[in-house]
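Q: Just passing along the structure, written as structure tokens.
The values are calculated or read from the model by the stated rules, or taken from the named source; none is laboratory data. All values reported here derive from a predicted model rather than from experimental measurement. Methodologically, a virtual Cβ is constructed for each residue, glycine included, from the backbone with ideal geometry; neighbour enumeration extends over all protein chains shown. Surface accessibility is based on the protein's heavy atoms, side chains included, excluding ligands, DNA and RNA. Shrake-Rupley method; radii C 1.70, N 1.55, O 1.52, S 1.80 Å.
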Amino acid sequence: MTVESTAARTPRRSASTKSTAGKRTTAKKGTGADQGTDPRLVQLLTPEGKRVKNAEYDRYVAAITPEELRGLYRDMVLTRRFDAEATALQRQGELGLWASLLGQEAAQIGSGRALRDDDYVFPTYREHGVAWCRGVDPTNLLGMFRGVNNGGWDPNGNNFHLYTIVIGSQTLHATGYAMGIAKDGADSAVIAYFGDGASSQGDVAESFTFSAVYNAPVVFFCQNNQWAISEPTEKQTRVPLYQRAQGFGFPGVRVDGNDVLACLAVTKWALERARGGEGPTLVEAYTYRMGAHTTSDDPTRYRHDDERAAWEAKDPILRLRRYLEASNHADEGFFAELETESETLGKRVREAVRAMPDPDHLAIFENVYADGHALVDEERAQFAAYQASFADEGGN
């Protein structure tokens, strides 16, 4: 029984059901309208790599060329390679933390390639694939997670805002920016990325309200990877996330987040609406976080291996490769060349990170108070002495 059907039932019980009174019914992972079986899920490529027709969204990818399809595949492969290298570097002590996008490549590359240069992006801290699409050097992302820069790129140079760590707040920034460009008469659009966990934040609800009332040209792109750290989506909502848009007065659509073509098409449609003065759209990309929330997390403590195995069969990269091979749009030479390029990228990332300086350990005490504080000064001195003790041990 799905959460929706449970909510729709009459509260009255017959005598035959009284024995189960008070028992709680919960949706199981992988079942129900909130678990990806909704017939309104937009899909253009099946997990087996077969192209399926969609009367509403086909036109947005009808003119895509084999070269562009190979480009989408390349984007996903290189993004995954970079992400894997970053995870390894964190495990080796080179980064303080890393938030992996493993499994979410199609959602990010598909939506990222739907954008025009003059559109503006407001990411969270996991949009490495979108950053790739916007021309941000991957090493700048790693510098931030190493603690040697605050982002490392000019947001206005790529129309890609700095990563936002505070959950959900970037949706407010995106809405305000969209309201501003609308007043300026620009025909560009804004896109805000967030996850299923952030969808429960008040900032997101406020963003929905303001964007709807002011008809702001913004696309809210929710990557529903089904786990807000250790909390599954059904602990946060009784309806599919995309349906929340209805209550605010704008459309919502759920797309197969492991289908790069569907993500590309749906995002193009939503951006077209925004640029045309039709206001905001909520896109829910239904996908799965294959790895940990961050490298400080252990997903084996709260989810089962069989769940991950089921989603590995829906891998976004393998899906597109099957389509490319079946359509004769790519040969073994292409895949071999891409493998070489992938290794080159990994090597460049490793060398760049290891050449970065160590972060200034005492910098965390700066700018805590505008005029300084005795307690902060004391803590700084204690920490400095602690750090110096390692040098003393090395000298002995």
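Q: Within region 136-176, how many residues turn out to be open to solvent by 20 Å² or more (accessible area, probe 1.4 Å), among the small types (G, A, S) and within 17 Å of the chain's Cα centre (by Cα)?
A: Result for region 136-176: 0.
Q: Report whether or not A106 is more than 18 Å from the chain's Cα centre (by Cα) and at pLDDT 95 or above.
A: Criteria not met by A106.
Q: Restricting to region 206-232, give me the number of residues that are free of Cβ contacts under 8 Å to residues at least 40 places away in the same chain, closer than 22 Å to A186 by Cβ and not in a helix (DSSP H, G or I).
A: Residues meeting the conditions: 1.
Q: So M179 passes all but one of these: (1) part of a helix (DSSP H, G or I); (2) under 14 Å from the mean Cα position of the chain (by Cα); (3) aliphatic (A, V, I, L, M). Which condition number does it fail?
A: Among (1) part of a helix (DSSP H, G or I); (2) under 14 Å from the mean Cα position of the chain (by Cα); (3) aliphatic (A, V, I, L, M), M179 violates only (2).
Q: Being open to solvent by 10 Å² or more (accessible area, probe 1.4 Å), within 20 Å of the chain's Cα centre (by Cα) and free of Cβ contacts under 8 Å to residues at least 60 places away in the same chain is the filter here, so list the residues in region 233-265 that pass it.
A: Across region 233-265, the qualifying residues are K235, Q236, Y242, Q243, R244, G252.
Q: For I165, are the conditions met, namely being farther than 24 Å from K347 by Cα and not in a helix (DSSP H, G or I)?
A: Yes: the conditions hold for I165.
Q: Can we say S296 is farther than 30 Å from V266 by Cβ and of a type in the set (G, A, S)?
A: The answer is yes for S296.
Q: Checking the structure you have, find out if any residue of region 337-357 is under 28 Å from A262 (Cβ atoms) and small (G, A, S).
A: Yes; the residues of region 337-357 include at least one that is under 28 Å from A262 (Cβ atoms) and small (G, A, S).
Q: Filter region 56-102 down to residues that are within 15 Å of R126 (Cα to Cα), out of contact with any Phe, Trp or Tyr (no Cβ under 8 Å at 6 or more places or on another chain) and in a loop (DSSP other than H, G, I, E, B) and give me whichever is least open to solvent (accessible area, probe 1.4 Å).
A: Looking at residues that are within 15 Å of R126 (Cα to Cα), out of contact with any Phe, Trp or Tyr (no Cβ under 8 Å at 6 or more places or on another chain) and in a loop (DSSP other than H, G, I, E, B), I get L101.
Q: Taking N367 as the residue in question, decide whether it is free of Cβ contacts under 8 Å to residues at least 24 places away in the same chain, among the polar types (S, T, N, Q) and closer than 22 Å to L44 by Cα.
A: no
Q: Something else now. Output the residue which, of all residues in region 134-162 that are assigned to a loop (DSSP other than H, G, I, E, B) and among the polar types (S, T, N, Q), is modelled with the lowest pLDDT. Full working, then the answer.
A: Step one: list which residues in region 134-162 are assigned to a loop (DSSP other than H, G, I, E, B), which gives 134-137, 147-154, 159, 161-162.
From what is left, the residues that are among the polar types (S, T, N, Q) are 149-150, 159.
Working: N149: 89, N150: 84, N159: 98.
Filtering region 134-162 for residues that are assigned to a loop (DSSP other than H, G, I, E, B) and among the polar types (S, T, N, Q), the one modelled with the lowest pLDDT comes out as N150.
Q: Run down R319, R354 and say which single residue is among the charged types (D, E, K, R), closer than 28 Å to E85 by Cβ, touching a residue at least 60 places away in the same chain (Cβ under 8 Å) and surrounded by 12 or more Cβ atoms within 10 Å (Cβ to Cβ).
A: R319
Q: Would it be correct to say that G30 is at pLDDT below 50, surrounded by fewer than 17 Cβ atoms within 10 Å (Cβ to Cβ) and within 26 Å of I317 (Cβ to Cβ)?
A: So G30 fits the description; yes.
Q: Please give the number of the condition E341 fails out of (1) of a type in the set (D, E); (2) in contact (Cβ under 8 Å) with a residue 60 or more places away in the chain; (3) open to solvent by 70 Å² or more (accessible area, probe 1.4 Å).
A: (3)
Q: Any chance you could count how many residues in region 265-321 are in contact with a helix residue (DSSP H, G or I) (Cβ under 7 Å, 6 or more places away or on another chain), at pLDDT 95 or above, aliphatic (A, V, I, L, M) and closer than 30 Å to A88 by Cα?
A: Matching residues across region 265-321 total 3.
Q: Just one of (1) of a type outside the set (F, W, Y); (2) open to solvent by less than 30 Å² (accessible area, probe 1.4 Å); (3) assigned to a helix (DSSP H, G or I) trips up A336, so point out which.
A: Only one criterion in (1) of a type outside the set (F, W, Y); (2) open to solvent by less than 30 Å² (accessible area, probe 1.4 Å); (3) assigned to a helix (DSSP H, G or I) is unmet by A336, namely (2).
Q: Something else: Provide a single number: the residues in region 266-322 that are under 19 Å from R113 (Cβ atoms), in a helix (DSSP H, G or I) and hydroxyl-bearing (S, T, Y).
A: Counting residues in region 266-322 that are under 19 Å from R113 (Cβ atoms), in a helix (DSSP H, G or I) and hydroxyl-bearing (S, T, Y) gives 1.
Q: Tell me yes or no: at least one residue of region 314-324 is in contact with a Leu (Cβ under 6 Å, 6 or more places away or on another chain) and of a type in the set (D, E, K, R).
A: yes
Q: Here is a follow-up. Only one of (1) under 14 Å from the mean Cα position of the chain (by Cα); (2) of a type in the set (S, T, N, Q); (3) open to solvent by 40 Å² or more (accessible area, probe 1.4 Å) is not met by S111, so which one is it?
A: Unmet condition: (3).
Q: Is it the case, given these coordinates, that E325 is under 30 Å from R91 (Cα atoms), of a type in the set (D, E) and part of a helix (DSSP H, G or I)?
A: No: the conditions fail for E325.
Q: Would you confirm whether any residue within region 285-296 is surrounded by fewer than 15 Cβ atoms within 10 Å (Cβ to Cβ) and out of contact with any Phe, Trp or Tyr (no Cβ under 6 Å at 6 or more places or on another chain)? Give the derivation first.
A: Pass one, region 285-296, residues surrounded by fewer than 15 Cβ atoms within 10 Å (Cβ to Cβ): 296.
Of the ones still in play, those that are also out of contact with any Phe, Trp or Tyr (no Cβ under 6 Å at 6 or more places or on another chain) are 296.
Yes: one or more hits.
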